[in-house]
Amino acid sequence: MRKTFELGGVIAAAVLVTFGIVAIAMGFNGRSTVQDSLKLEQIAGTPDMTPDAIAAEAQKAGLPPSIKLPTVAVAGKAIDSGARARAFASYMRIHTLEATGGLTYAQMGRYKALPTAPAKSTDGKGGTSDTAYAVTDPKTKQPVENGLRNLWVTETALTTALNTSYMADRLALFGIVVGFALLLSGIGFGILALSGALRSEPTLAFPRRSRKIAQDTVPVA
């Protein structure tokens with residue numbers, strides 16, 4: 001039975017080491033795939049993609065101070081990693097907010113508003129969702145769509161792809177960490193099994209103290 005347990009410990013250690021090596025390999029392969037995919041897009045940071053430059057632009061565009069600004073500089077750098085992709089996406093969001101006057105997609109009107117449209121029926125930036133106050137196309141007789149609102153559709157698609165690259169990069173890194181943990185655990189478990197540390201050794205037995213039971217003496221007649 002003892003030999004069986006030792007063999008089981010060695011097999012368990014081998015399984016842990018194997019899974020650890022596979023997880024590490026998959027993690028490095030995943031990170032490499034993310035980086036290669038980003039390099040194919042030939043993305044590079046624009047000159048204003050520094051914390052100081054974007055803060056000056058945001059202030060000039062009248063964006064509220066509550067908007068969170070990027071803190072990582074990628075100006076002039078190739079976007080070839082998950083971290084840089086995430087930073088680039090955050091700059092894209094600020095650029096879009098500057099173009100839309102600080103309004104998000106949900107805050108903007110669906111159509112281009114008439115100059116005479118009441119303020120309460122507009123988004124304050126020339127858009128409206130009320131067809132009664134929308135500019136009408138003379139050819140189609142349909143309300144003219146708000147072009148700036150469509151800018152958010154493009155921005156959301158691109159930033160989602162960039163943030164997905166960041167998430168994939170982090171998951172790959174997590175897989176590498178887990179792989180090393182499994183590898184080290186398997187090696188340690190194997191050492192314990194081979195060195196006999198998992199064997200059940202007899203414990204020290206201490207003699208029990210005997211107790212004398214006093215018996216009542218019966219008088220003999």
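The values are calculated or read from the model by the stated rules, or taken from the named source; none is laboratory data. Owing to the predicted nature of the structure, the values given are computational and were not obtained by experimental measurement. Every residue, glycine as well, gets a Cβ built from its backbone with ideal geometry; the counts of neighbours run over all protein chains shown. In case anyone asks, the SASA skips ligands and DNA or RNA and just uses the protein heavy atoms, side chains included. Shrake-Rupley method; radii C 1.70, N 1.55, O 1.52, S 1.80 Å.
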statement: Under the rule rounded for a/c under 1.5, else prolate if a/b exceeds b/c, else oblate, using alpha carbon gyration tensor axes a ≥ b ≥ c, the chain is classed as prolate
- line: With all protein chains in place and a 1.4 Å probe, residue 112 shows an accessible area in Å² (nearest 10) of 110
query: Which order do peptides 81-89, 134-142 fall in by mean Cβ count within 10 Å, highest first?
result: 81-89, 134-142
field: 1.4 Å probe accessible area per residue over the range 88-165, in Å²
entry: 57
field: Cβ-defined net charge surrounding residue 83, 13 Å radius [Lys, Arg +1; Asp, Glu -1]
entry: +3
query: DSSP H helices in the chain with Cα extent of 24 Å or more along the helix axis and mean Kyte-Doolittle hydropathy at least -0.5?
result: 2-40, 82-99, 147-194
- line: Ignoring ligands and nucleic acids, residue 110 exposes an accessible area, probe 1.4 Å, in Å² to the nearest 10, of 130
Distance violations [Cα-Cα > 23 Å] among 112/141; 39/60; 60/120; 68/120: 39/60; 60/120; 68/120
query: How would 105, 111, 91 line up by accessible area, probe 1.4 Å, largest first?
result: 105, 111, 91
- prompt: Roughly to the nearest percent, how much of the accessible area of the chain is carbon and sulfur, given a 1.4 Å probe?
  reply: 62
message: Run the simple label-point estimate for residue 33 and residue 77 please: 7 Å along Cα→C-beta, distance reported in nm.
response: 2.5
message: Of 27, 161, 54, which is farthest towards the positive pole of the chain's charge dipole, taken about the Cα centre with +1 and -1 on the beta-carbons of Lys, Arg and Asp, Glu respectively?
response: 27
- line: Residues meeting the amide H criterion for residue 134 (H placed from the backbone, H to H distance under 5 Å, 5 or more places apart or on another chain) are 114
